[in-house]
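Participant: This is the structure, below, for whatever I ask next.
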Amino acid sequence: MSSIVEPARTLEVVLETEVLVVGSGPGGLAAALAAARAGASTALIDRNGCFGGNITQVGVEGLAWYRHEGTVDCEGIGIEFETRAKAMGAAMPEPQSISHALDAEMFKWVADVLVEEAGVKALLHRLCVAPIMERNALRGVIIESKAGRQAILAKRIVDATGDADIATRAGAPVHKTPKEKMMSVSVMFSMSGVNKREFIDAVKADPQTYADWSGNNEWDYETTGKEDKLFSPFLRKPFQKAVEAGIIPSYLKTIAGTWGGVSNQGDLTYLNLVHIPELDGTDPNDLTLGEMRGRREAIYAVEALRRFMPGCEEAKLRNFGMTLGVRDTRKIDALYNITGDDVRGQARFDDAIGIFPEFIDGYGVLILPTTGRYWHVPYRALVPKSVSNLLVAGRSIGGDHMSHASARNMMCCAVSGQGAGVAAAVSVRRDEPLERISIAAVQEELTRQGARFR
């Protein structure tokens with residue numbers, strides 16, 4: 001292929017800050033709030049027009065759908081997302097747990113309020129395109145926006161892009177699951193005009209459990225057995241009937257999944273029904289394919305529900321998520337890489353920055369935390385090798401594929417995000433490098449912020 005040489009240019013430095021967080025999903029939003037609350041001047045960048053990432057832009061509203069009686073849950077900013085949303089009318093009871101599902105649209109406002117209250121510098125509609133390096137030290141990022149190409153300098157940077165974009169471009173070692181083994185990508189959507197009473201009556205007449213997730217070649221889950229009889233808002237039968245009726249093509253057997261809630265106004269939300277395998281979320285060609293294929297399959301699902309699910313006869317599509325829900329791309333090679341044994345064996349670490357229940361959802365395994373078991377999230381898993389001044393938060397922290405099936409979940413992303421934000425702020429205040437920071441000082445600030453790490 002041919003190539004061009006881009007001319008050198010002088011860029012305006014539009015901002016200098018102590019902590020810069022790139023990406024505003026649960027991990028990035030928590031990191032920015034934590035850093036600002038720890039006293040650091042903090043800026044938060046997102047490429048889109050709202051904060052919240054997977055919650056607001058993808059439409060994943062089940063922040064803590066794993067929570068049952070007996071769950072020992074994390075504490076801190078992730079839980080605050082849920083409690084503030086409830087207080088601001090942006091949540092409703094989640095059907096399969098003792099948690100509240102977030103209202104993805106209203107949470108855009110909740111996130112705005114949290115950012116403003118903390119004094120975080122909000123930088124929406126900016127795309128980070130390159131790191132600013134001084135040898136192996138990250139000094140800032142180059143951004144592109146409607147205002148052109150500009151630079152931001154920071155003393156510490158948190159990569160919360162979900163795909164380790166900043167870490168990768170800065171030269172940190174990363175790895176990716178082989179494409180054929182990646183967890184599927186989803187298009188989330190919601191419907192309106194549902195008759196709630198008829199829908200719920202139909203669910204009660206034929207209740208589904210987590211055991212029903214398995215049952216054909218596309219869906220097979222290993223559980224511990226204790227999950228199998230628990231209620232799940234799972235739907236497959238309407239789509240099987242739609243295949244038989246010729247509404248859904250016979251080759252398409254991946255449409256199935258869960259619904260998140262149904263409001264008194266007839267909104268059926270957080271429909272997690274479309275799953276596209278073997279798609280790489282770091283490849284724009286794959287992303288284009290996924291967006292278009294996903295919307296087409298969602299329309300098949302809508303029609304199937306209208307035809308074969310009571311209460312949905314007069315319903316219609318309300319909205320698609322703003323972007324694909326990607327579960328699995330790059331992970332950093334960290335100072336410590338979490339293992340599946342750590343998650344399943346209740347690992348304890350001296351450098352813990354948070355806890356998370358023994359909740360695993362991915363790679364054919366489903367374990368729900370109903371017995372009080374939990375694991376420590378170690379600070380070292382946030383620190384990439386080879387690049388200084390950089391931490392990673394969210395689903396790209398260091399670990400193997402089975403630990404990823406736990407750490408990728410939104411509440412755990414908030415745990416690693418709060419730890420990263422606090423560590424970045426403490427590192428600046430104490431003038432200590434991130435790889436040799438005082439863990440005691442980090443844990444002291446986490447305690448002050450209401451996080452739990454023991």
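The values are calculated or read from the model by the stated rules, or taken from the named source; none is laboratory data. What you are looking at is a predicted structure, and each value in this text was computed from that prediction instead of being measured. Here the Cβ positions follow ideal geometry from the backbone for every residue, glycine too, while neighbour counts run over all protein chains shown. Calculation scope for accessible area: heavy atoms of the full protein, side chains included, ligands and nucleic acids excluded. Shrake-Rupley method; radii C 1.70, N 1.55, O 1.52, S 1.80 Å.
Participant: How do the pairs read when you match residues in region 112-134 that are acidic (Asp, Glu) with residues anywhere that are not in a helix (DSSP H, G or I), using Cβ under 8 Å and keeping only pairs 6 or more apart or on different chains?
Facilitator: Partner pairs satisfying both residue conditions: Asp112/Cys50; Asp112/Phe51; Asp112/Ala122; Glu116/Ala122.
Participant: Determine if region 276-296 includes at least one residue that is open to solvent by 10 Å² or more (accessible area, probe 1.4 Å) and at positive phi.
Facilitator: yes
Participant: Scan region 309-318 and give yes if some residue there is assigned to a loop (DSSP other than H, G, I, E, B), surrounded by fewer than 19 Cβ atoms within 10 Å (Cβ to Cβ) and aliphatic (A, V, I, L, M), otherwise no.
Facilitator: Going through region 309-318, the residues assigned to a loop (DSSP other than H, G, I, E, B) turn out to be 309-315.
Now restrict to residues that are surrounded by fewer than 19 Cβ atoms within 10 Å (Cβ to Cβ): 310, 313-314.
Next cut, aliphatic (A, V, I, L, M) only: none.
Looking for residues that are assigned to a loop (DSSP other than H, G, I, E, B), surrounded by fewer than 19 Cβ atoms within 10 Å (Cβ to Cβ) and aliphatic (A, V, I, L, M), one finds none in region 309-318, hence no.
Participant: How many of the residues making up region 354-378 are open to solvent by 10 Å² or more (accessible area, probe 1.4 Å), in contact with a Gly (Cβ under 7 Å, 6 or more places away or on another chain) and either under 18 Å from Ala164 (Cβ atoms) or of a type in the set (Ser, Thr, Tyr) (or both)?
Facilitator: 2
Participant: Pull out all pairs, ordered by first then second residue, where Cβ-Cβ is under 9 Å, the residues are six or more apart or on different chains, the first lies in region 196-211 and is in a strand (DSSP E or B), and the second is of a type in the set (A, V, I, L, M).
Facilitator: Short answer, once both residue conditions are applied: Thr209/Leu230.
Participant: Find all pairs meeting these conditions: Cβ atoms under 6 angstrom apart; at least six residues apart or on different chains; first residue within region 157-177 and closer than 14 Å to Ala137 by Cα; second residue charged (D, E, K, R) and at pLDDT 95 or above.
Facilitator: Taking only residues 6 or more apart or on different chains, the pairs are Ile166/Asp159; Ala167/Asp159.
Participant: Same structure, new question: Could you list, in sequence order, the residues of region 388-422 that are open to solvent by 10 Å² or more (accessible area, probe 1.4 Å) and assigned to a loop (DSSP other than H, G, I, E, B)?
Facilitator: Hits for region 388-422 are Asn389, Arg395, Asp400, Arg408, Asn409.
Participant: Another question about this same structure. Any residue in region 29-58 that is without any contact (Cβ under 8 Å) to a residue 60 or more places away in the chain and open to solvent by less than 10 Å² (accessible area, probe 1.4 Å) sitting within a Cβ distance under 6 Å of a residue that is in a helix (DSSP H, G or I) and among the aliphatic types (A, V, I, L, M)? List the pairs, counting only those 6 or more apart or interchain.
Facilitator: Correct list of pairs: Gly52/Ala111.
Participant: A further question on this structure: Quick check on Gly345: is it of a type in the set (Gly, Ala, Ser), touching a residue at least 12 places away in the same chain (Cβ under 8 Å) and surrounded by fewer than 18 Cβ atoms within 10 Å (Cβ to Cβ)?
Facilitator: yes
Participant: Another question, if that's okay. Would you mind telling me which numbered condition in (1) closer than 30 Å to Val274 by Cα; (2) over 17 Å from the mean Cα position of the chain (by Cα); (3) surrounded by fewer than 23 Cβ atoms within 10 Å (Cβ to Cβ); (4) of a type in the set (A, V, I, L, M) Ile79 fails?
Facilitator: Single failed check for Ile79: (2).
Participant: Still on this structure, I have one more. How do the pairs read when you match residues in region 7-28 that are touching a residue at least 24 places away in the same chain (Cβ under 8 Å) and farther than 15 Å from Val415 by Cα with residues anywhere that are crowded, with 24+ Cβ neighbours inside 10 Å and of a type in the set (Lys, Arg), using Cβ under 7 Å and keeping only pairs 6 or more apart or on different chains?
Facilitator: Partner pairs satisfying both residue conditions: Glu18/Arg156; Val19/Arg156.
Participant: Here is a check on your reading of the model: is Ile299 under 21 Å from Arg236 (Cβ atoms), among the hydrophobic types (A, V, I, L, M, F, W, C) and open to solvent by 60 Å² or more (accessible area, probe 1.4 Å)?
Facilitator: Yes; evaluated as a whole, the condition is true for this residue.
Participant: If a residue has to be within 20 Å of Ser214 (Cβ to Cβ), among the small types (Gly, Ala, Ser) and either part of a loop (DSSP other than H, G, I, E, B) or open to solvent by 10 Å² or more (accessible area, probe 1.4 Å) (or both) to count, how many in region 245-274 make the cut?
Facilitator: Restricting attention to region 245-274, the residues satisfying the condition of being within 20 Å of Ser214 (Cβ to Cβ) are 252-259, 272-274.
In the following step, the residues that additionally are among the small types (Gly, Ala, Ser) were identified as 256-257.
From what is left, the residues that are either part of a loop (DSSP other than H, G, I, E, B) or open to solvent by 10 Å² or more (accessible area, probe 1.4 Å) (or both) are 256.
The number of residues fulfilling the criteria is 1.
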